[in-house]
1. With the requirement that a residue be of a type in the set (A, V, I, L, M, F, W, C) and open to solvent by less than 20 Å² (accessible area, probe 1.4 Å), what does segment 184-203 give you?
2. Out of all the residues in segment 129-143, which are part of a strand (DSSP E or B) and β-branched (V, I, T)?
3. Kindly indicate the residue of segment 112-131 that is at pLDDT below 80 and not hydrophobic (A, V, I, L, M, F, W, C) and also most open to solvent (accessible area, probe 1.4 Å) among those meeting that condition.
4. For Q161, are the conditions met, namely being within 13 Å of the chain's Cα centre (by Cα) and either open to solvent by 30 Å² or more (accessible area, probe 1.4 Å) or not hydrophobic (A, V, I, L, M, F, W, C) (or both)?
5. In segment 211-234, which residues are modelled with pLDDT of 90 or more, in a loop (DSSP other than H, G, I, E, B) and under 19 Å from the mean Cα position of the chain (by Cα)?
6. Tally the residues that are under 22 Å from T193 (Cβ atoms) and not in a helix (DSSP H, G or I), restricting the search to segment 146-177.
7. Kindly list the number of the only condition in (1) open to solvent by less than 60 Å² (accessible area, probe 1.4 Å); (2) at pLDDT 85 or above that fails for A109.
Amino acid sequence: MNYTYHYSQKDAERFEKFLSELEGNFGGQRTPWGVRGGAIDLVTAFEVAVQWGPLALIAKTVVGKYLDGLLNTDSFKNVGTSHRRQIMALSQRATDTLRSLCEKLSTMARNGLNGVARDGELAVTLILPIENLSCYVVINQEGVDDQALELISEAVDRVVQLKSFGAIPDDAHTSQLFYDVDSNCWSYLFIPTNDGFGRYIDRYINLESGEIIVLKDSGEFIERFRPSQKDRLK
């Protein structure tokens, strides 16, 4: 796995300690930005883009061989949850590395960003490419604790499964995992349509059932997910 660190050039000096630690632990390259906008409704302070290499392709091949002829959402739903998780579990090494990276980013968010009001509202994110889908994970979403960090690799696994089975629409190119504090799970993936992108999240998928839900307006999104004031840009 390879890593690219994205952040504002003006924050380079302030982030130097964390950048050096990340490079020491994981390697990677720095790619600071000048002026840029957010993704989905995210406004990020620091991003780590992960390049999986052959993992996603291997996962897709495994699914094809294991459930040949069952590649449709209804059939996939009937496969037991625990069994599904075994089909395409990331290698233990990849899982451990991803967990370690999330813990490091969480520490960075708690100690290095939240001291300034502006920074406390901005997202620290992990970006994972899954075929043609970019999956954002906000490490400092309110309510994300150590237990939630432990569950990120499992949630990413599930997104890879759903993408490989064709349960995530091809027109979804940018997505965001959402941690549900009520269920203590990364339960949902925001997958806005082209019409919704940049306006509001108008579509999401339930990661457990694979069901896609369409939202009619931003008010319905707010009522459903109740984002806190601190998370308004996340």
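The values are calculated or read from the model by the stated rules, or taken from the named source; none is laboratory data. For clarity, every value in this text was computed on a predicted model and none was experimentally measured. Every residue, glycine as well, gets a Cβ built from its backbone with ideal geometry; the counts of neighbours run over all protein chains shown. The protein model used for the area step is the full one, side chains on, heavy atoms only, and it has no ligands, DNA or RNA in it. Shrake-Rupley method; radii C 1.70, N 1.55, O 1.52, S 1.80 Å.
1. Let us first name the residues in segment 184-203 that are of a type in the set (A, V, I, L, M, F, W, C), namely 185-186, 189-191, 197, 201.
Answer for segment 184-203, where residues must be of a type in the set (A, V, I, L, M, F, W, C) and open to solvent by less than 20 Å² (accessible area, probe 1.4 Å): W186, L189, F190, I191, I201.
2. The initial filter retains those residues of segment 129-143 that are part of a strand (DSSP E or B), namely 129-130, 133-138.
Scanning segment 129-143 gives I130, V137, V138.
3. The selected residue is R118.
4. Details: within 13 Å of the chain's Cα centre (by Cα): no; either open to solvent by 30 Å² or more (accessible area, probe 1.4 Å) or not hydrophobic (A, V, I, L, M, F, W, C) (or both): yes.
So Q161 fails the test.
5. The answer is E211, and nothing else.
6. Residues that pass the stated criteria total 13.
7. Among (1) open to solvent by less than 60 Å² (accessible area, probe 1.4 Å); (2) at pLDDT 85 or above, the lone unmet condition for A109 is (2).
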